[in-house]
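Enquirer: Before anything else, here's the structure in question.
The values are calculated or read from the model by the stated rules, or taken from the named source; none is laboratory data. Predicted model only: the values in this text are computed from it and were never measured. Cβ atoms come from the backbone with ideal geometry, glycine included; neighbour counts cover every protein chain shown.
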Amino acid sequence: MTKFIIKKFIPDYENVKNAVVRERYGIVAGTVGIICNIFLFLVKLSIGLITSSISIAADAVNNLSDALSSVISLFGFKLANKAPDETHPFGYGRTEYLAGLLVAFFIGVVGLEFAKSSIDRILNPEAVLFSPVLLLILAISILVKLWMGIFNKELGTRINSTVLLATMQDSINDVITTSVVVVGMIASRFTSLPVDGYIGLIVAIFILYSGIGIAKDTLSPLIGQAADPDIAKNIENIVLNFDGVVGVHDLIIHNYGAGKSLASIHAEVPDTANFVQIHEVIDEAEKAVWKETGVFLVIHMDPVAIDNEHVNEIKKVTLSVLNEIDGRLTMHDFRIVDGERNINIIFDVVAPFEYQKSKAEELIKNIRSGLKNRDKRYNAIITLDHQM
């Protein structure tokens, strides 16, 4: 069914890097979500009113909030594909994340309201009607939500959408909560305890949990999460494959929405290279990264000495010191300023994020001490960077 819908309603569906195709995926997912969730809302609300079940009513309104979430994500995808303009030169891609955050807010509100209603039902119990027909309808609801979870996972994975993957998780949570509601209905036949209220409270907790999870997933790229390691490594390898580039460092990737990233990187080039020729190489590298990854890359050139035996020997000694302290340490922008009594060694050290404050100061102190032990003339001037 999922593949049929994709092929039927998404022209050129395999070209997922295309903004128009990606928008179409979002529209189809949103439309399917609206139709399915409104259907489930009407069915469950009817059951809840007939049986006076607060847990089923809670589950019904949860489906209504899911329908609203689908509306929000649909408009989010539409706005995310809006062309760049003077006020937003990098486009509106991040509105997809804002849509996800708004979805999380509505889910949280629903969860809080039904937690309150469930507690009230616990304190003021009411009888819940039981019927095999009602159980059958709820079972159908579980199957629908399970299919929706699979559907959103397929679409979300294809276009790498945090919103659709969050919707998938929300659907799976709904499968769990509806299953719990069924258990509550059955249990109510064998006890006078307000099982319905307790089950409703569990449903509310699942709803809140889902909202918090979606909020975390959508806030992370808005705040500025680390780049995907595979994408970062791919960009570095593409640049390193060009003749004249002997090293890369300080790769920073800025996310302006799924499939809309800008990046900068420092490329080390021989200090003896022809400026015009190496500039052409850098231009070609930027174009290659854009073509292969869809990331708009700006490269800063760092000239380094590669044929100077004296510099290479000191660099080898410095790398040895770093490796003795922590095998994860790397360095770049290495250069020296010679003197008769002092040799200034200037370089940047790239360390894991655990090296903060006092630990960072201790690291720099140990590097300087290690170099002094190799040669008293060595005076290390160190800038500490962290792995991005």
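Enquirer: Only one residue in Asp196, Asp243 is over 17 Å from the mean Cα position of the chain (by Cα), exposed (fewer than 15 other Cβ atoms within 10 Å of the Cβ) and touching a residue at least 12 places away in the same chain (Cβ under 8 Å), so which one is that?
Expert: Going through Asp196, Asp243 in turn, just one is over 17 Å from the mean Cα position of the chain (by Cα), exposed (fewer than 15 other Cβ atoms within 10 Å of the Cβ) and touching a residue at least 12 places away in the same chain (Cβ under 8 Å): Asp243.
Enquirer: Let me confirm something: among Ile122, Ile214, which residue is over 30 Å from Gly294 (Cα atoms) and modelled with pLDDT of 75 or more?
Expert: On inspection, the qualifying residue turns out to be Ile122.
Enquirer: Checking Arg189 against (1) part of a loop (DSSP other than H, G, I, E, B); (2) within 19 Å of Ile34 (Cβ to Cβ), which test does it fail?
Expert: (2)
Enquirer: Another question, then. Out of Asp271, Asp250, I need the residue that is more than 20 Å from the chain's Cα centre (by Cα) and at positive phi. Which one?
Expert: None of the others qualify; the one that does is Asp250.
Enquirer: Can you find, within segment 234-262, the residue that is nearest to Ile278 (Cα to Cα) among those that are modelled with pLDDT of 90 or more and part of a loop (DSSP other than H, G, I, E, B)?
Expert: Of everything passing the filter in segment 234-262, Gly244 is nearest to Ile278 (Cα to Cα).
Enquirer: When you go through (1) within 23 Å of Ala29 (Cβ to Cβ); (2) modelled with pLDDT of 80 or more; (3) touching an Asp or Glu at 6+ places or on another chain (Cβ under 9 Å) one by one for Val103, which number turns out not to apply?
Expert: Answer for Val103: the failing condition is (2).
Enquirer: Do any strands (runs of 3 or more DSSP E) entirely within segment 282-388 hold 2 or more residues that are over 18 Å from Ala267 (Cα atoms), and if so, which?
Expert: 330-337, 343-351, 378-386
Enquirer: Is it the case that some residue within segment 72-91 is farther than 27 Å from Phe296 by Cβ, buried (at least 17 other Cβ atoms within 10 Å of the Cβ) and free of Cβ contacts under 8 Å to residues at least 40 places away in the same chain?
Expert: Yes, segment 72-91 contains at least one residue that is farther than 27 Å from Phe296 by Cβ, buried (at least 17 other Cβ atoms within 10 Å of the Cβ) and free of Cβ contacts under 8 Å to residues at least 40 places away in the same chain.
Enquirer: Here is a further query. So for segment 306-322 (the condition being surrounded by 12 or more Cβ atoms within 10 Å (Cβ to Cβ) and of a type in the set (Asp, Glu)), does at least one residue qualify?
Expert: Checked against the condition, which is being surrounded by 12 or more Cβ atoms within 10 Å (Cβ to Cβ) and of a type in the set (Asp, Glu), segment 306-322 yields no hits at all.
Enquirer: A further question on this structure: Could you grab me the full set of residues in segment 51-65 that are buried (at least 21 other Cβ atoms within 10 Å of the Cβ) and modelled with pLDDT of 80 or more?
Expert: Scanning segment 51-65 gives Ala60, Asn63.
For every residue, the table says whether it meets (1) farther than 19 Å from Leu112 by Cα; (2) surrounded by fewer than 18 Cβ atoms within 10 Å (Cβ to Cβ); (3) basic (Lys, Arg); (4) modelled with pLDDT of 80 or more.
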residue: Glu126; (1), (2), (3), (4): yes, yes, no, no
residue: Val144; (1), (2), (3), (4): yes, no, no, yes
residue: Ile159; (1), (2), (3), (4): yes, no, no, yes
residue: Ser188; (1), (2), (3), (4): yes, no, no, no
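Enquirer: Kindly list, by first and then second residue, each pair from a residue in segment 2-30 that is surrounded by fewer than 17 Cβ atoms within 10 Å (Cβ to Cβ) to a residue that is aromatic (Phe, Trp, Tyr), limited to pairs with Cβ atoms under 7 Å and residues at least 6 apart or on different chains.
Expert: Thr2/Phe151; Lys7/Tyr13
Enquirer: Identify the single condition in (1) at pLDDT below 95; (2) over 30 Å from Glu286 (Cα atoms); (3) out of contact with any Asp or Glu (no Cβ under 9 Å at 6 or more places or on another chain) that Leu322 does not satisfy, given that it satisfies every other one.
Expert: (1)
Enquirer: To continue, here is another question. How about segment 352-373: which of its residues are in contact (Cβ under 8 Å) with a residue 40 or more places away in the chain and farther than 15 Å from Gly327 by Cα?
Expert: Once the filter is applied, which keeps residues that are in contact (Cβ under 8 Å) with a residue 40 or more places away in the chain and farther than 15 Å from Gly327 by Cα, segment 352-373 yields only Leu371.
Enquirer: Could you tell me whether Ser46 is in a helix (DSSP H, G or I) and in contact with a Phe, Trp or Tyr (Cβ under 9 Å, 6 or more places away or on another chain)?
Expert: no
Enquirer: Now, a different point. Quick check on Phe90: is it closer than 20 Å to Leu164 by Cα, at pLDDT 80 or above and either not basic (Lys, Arg) or not assigned by TED's automatic domain parsing to the domain that holds Ser53 (or both)?
Expert: No; evaluated as a whole, the condition is false for this residue.
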